[in-house]
Structure formats: C-alpha cells, structure tokens
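Here the structure comes first, spelled out in structure tokens, and everything after it is commentary.
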C-alpha cells in the first residue's frame, strides 16, 4: 500500500500535540506534502521543523487545494470553520479528516451529511474517544455480559478551565475562551464524553438536562447534569463541571453497575480499568492511554486503501453533536428531549409491566 500524501489545514496546537505525533508513529503510511495556516509564519515554522520546503506552505487553503499531489487533507481549525472548510475540501475532490465536532450548529451538521455522496469523497471525523483503548475495552466488557446486564452508570467530568487559561494549554486559545458557537466548552470538550458513552451503550432515546448558569463566555453553565435513557433501556447520569477541582481521591470517574459486577475507570489517563464482583473478587484490565489519535489515523489509512471501513463517519458524529445540542435544549426548555428518533406514541405504563425484578448484586 502506498503512503497517503497529506495536506494539513491548521497547524496549531491540535496538529502539533495530537495528530502530528500519531503521523510520526505512522511514518510508513503518511507523507506530509503541504501545510496551511491562516498565520503563515506558524505554518512556515512547523515546515522548517520537519524539513518541508517553504514552497509547500500556504495561508490560503483554497490555493493549497489546487495541488494534484494531495491524496487527503487533515482539517484542524476552530470549530466555527469546520463545515465551511470541509465543504471546500470535499468540493475539491479530496478525502479528508475533520476534527470534532463536525459543525458548530445543527444546520451545518445536517448539510455535512451530504458531502460524502455529493462529492464522492471519504470522510472521517476525528472523535478520538471512539477510538480510545479504554472505551473499546469497556464496550467489550459490557457487550460480553461480564458484569451481567447494565442497570445504571454515572460519568462525572470535573475540570478547571479557568485554571488552564494562563497556561500553555488548549484553554489558552482565544476562540475557546470567547467561542462563537452555542455551548462553548460543552460542545468542544464534553462532546468527547458523550461520544464515548454512546460508543459503549448505543443509541439514545431521550435526555433531561439541568444547568447552573454563569456569565463566563467559555461556558454558559457552571455545571451541566443530564439524565440519559438509552434505547436499550440503560439509564445513567452524565455531569460536566468545567470550572471545578475534584479534590477527593479517587474521583467519581466513570462507573457502570451491572447485575453481576461493576466497572470503574478513574480517569481516561489512569491506564487501568477496574472490574469488581459481588463475591469480593476483582480484576484490573490494562490499557494504553491516548491511543485514539493513532487508531483513528490508522483507520483512515486502511479505509483509503480499501482494507476496512471508516469507523467514525459524519453519520456517527451527527448523533453525538445532536445529543450535545439536545441537552442544551432540554436545559432551556426544562423538559425531556428525544435524541435518536421521535417521541414515543405513548409512555410506558409501569403498572402493566410484568417483568420480574431481580435483586441487584448487593
């Protein structure tokens, strides 16, 4: 299989810290042939780091897309430009990777779904949580019924955006501090968690969200609490608190309760999935953190060479993005919102159900 000749649009922090290290590891599969960044000097500086001739550097991606030696494009731009740039890349007939989320609003997300067929291109959305080892291993544990039938889960994400603003982090970027899209950090960061739990549990019937408002631009809410009902009957809670510090250890993290056991993931970088059982036994399942970027770029390479399908297509990402906006809508309306499909014709009548109630593991 030949190397994919890659053009890059956006050579900022996400490229340097996330995608490029994976590209380096996949050096026998990718060749960087062109770079584009709206601040030309930044792209030129990176080109010098990798010994790429400056003739291959642009500040206008429309000019870069005229090249005939680009097989695919990696798009890493601020969220509000994702659809606009993706549409131009698709129109140029280039297969591409677009960083999540696919769009900053639902109108553009719907139009994004048309790009692949309209322009006959292959598209991958770089939602690394759907490629991370821990989420794939947890999904396998759940699907294998190792902990029995899942009854309930809780996913708690506490981080401190204000603490990171003055550091050399993603929170320091101007467009994240003053987002031009609804939801702010909830769309940008919490989307990962939502994609992860949807990857594990599947399609969602409905959500009910509550939010504690704040005046800070980076997020409309201090915290968001959402109750989630999946179509397979699993229920759970997702909480996002982007302006706090979880000082108690171990943190709540991600906990899944089944009829025959429990899964506990302290955080995405801890490297161990804990599985415990009612007889007092337990096991630790090791994984390598942060492999999502490598796995997604490997999947894209294999897909372009015809050996497998793209795992995270725009259709998959659309459900994740819609759920983010549905939770925000639920908070605004103070009502339940239906996610993957319309509201049921009638509500379940609990008095007419006759399923036996089995005791939980405790």
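Tabulated data
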item: Scope the stretch 186-235; condition surrounded by fewer than 23 Cβ atoms within 10 Å (Cβ to Cβ), in a loop (DSSP other than H, G, I, E, B) and touching a strand residue (DSSP E or B) at 6+ places or on another chain (Cβ under 8 Å); matching residues; result: 202, 203, 214, 216, 220, 231, 234
item: Qualifying residue in the stretch 345-361 (condition: surrounded by fewer than 14 Cβ atoms within 10 Å (Cβ to Cβ), in a loop (DSSP other than H, G, I, E, B) and modelled with pLDDT of 95 or more); result: no
item: Residues of the stretch 163-185 satisfying the condition of being touching a residue at least 60 places away in the same chain (Cβ under 8 Å), loosely packed, with under 14 Cβ neighbours inside 10 Å and out of contact with any helix residue (DSSP H, G or I) (no Cβ under 7 Å at 6 or more places or on another chain); result: 163
item: Any chance residue 26 is under 25 Å from the mean Cα position of the chain (by Cα), in contact (Cβ under 8 Å) with a residue 12 or more places away in the chain and closer than 29 Å to residue 181 by Cα; result: no
item: The one condition in (1) within 30 Å of residue 285 (Cα to Cα); (2) surrounded by 15 or more Cβ atoms within 10 Å (Cβ to Cβ) that residue 160 fails to fulfil; result: (2)
item: Unique residue being within 30 Å of residue 222 (Cβ to Cβ) and under 21 Å from the mean Cα position of the chain (by Cα) when the list is 249, 290; result: 290
item: From the options 316, 310, 327, 263, residue that is crowded, with 16+ Cβ neighbours inside 10 Å and assigned to a loop (DSSP other than H, G, I, E, B); result: 310
item: Of all residues making up the stretch 55-81, the number that are touching a strand residue (DSSP E or B) at 6+ places or on another chain (Cβ under 8 Å), free of Cβ contacts under 8 Å to residues at least 24 places away in the same chain and under 22 Å from residue 128 (Cα atoms); result: 0
item: Filtered residues of the stretch 14-33 (kept if within 22 Å of residue 92 (Cα to Cα) and in contact with a helix residue (DSSP H, G or I) (Cβ under 6 Å, 6 or more places away or on another chain)); result: 30
item: Any chance residue 28 is more than 24 Å from residue 301 (Cβ to Cβ) and either assigned to a helix (DSSP H, G or I) or in the same structural domain as residue 93 (by TED's automatic domain parsing) (or both); result: no
item: Filter result (surrounded by 16 or more Cβ atoms within 10 Å (Cβ to Cβ) and more than 25 Å from residue 159 (Cβ to Cβ)) within the stretch 237-260; result: 258
item: From 96, 112, residue being within 16 Å of residue 10 (Cα to Cα) and surrounded by 19 or more Cβ atoms within 10 Å (Cβ to Cβ); result: 96
item: Members of the stretch 153-162 found to be in contact with a helix residue (DSSP H, G or I) (Cβ under 7 Å, 6 or more places away or on another chain) and in a strand (DSSP E or B), listed by number; result: 155, 157
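The values are calculated or read from the model by the stated rules, or taken from the named source; none is laboratory data. Being a predicted model, the structure only gives us computed values, none of them experimental. Virtual Cβ from ideal backbone geometry, glycine too; neighbours counted across all protein chains shown.
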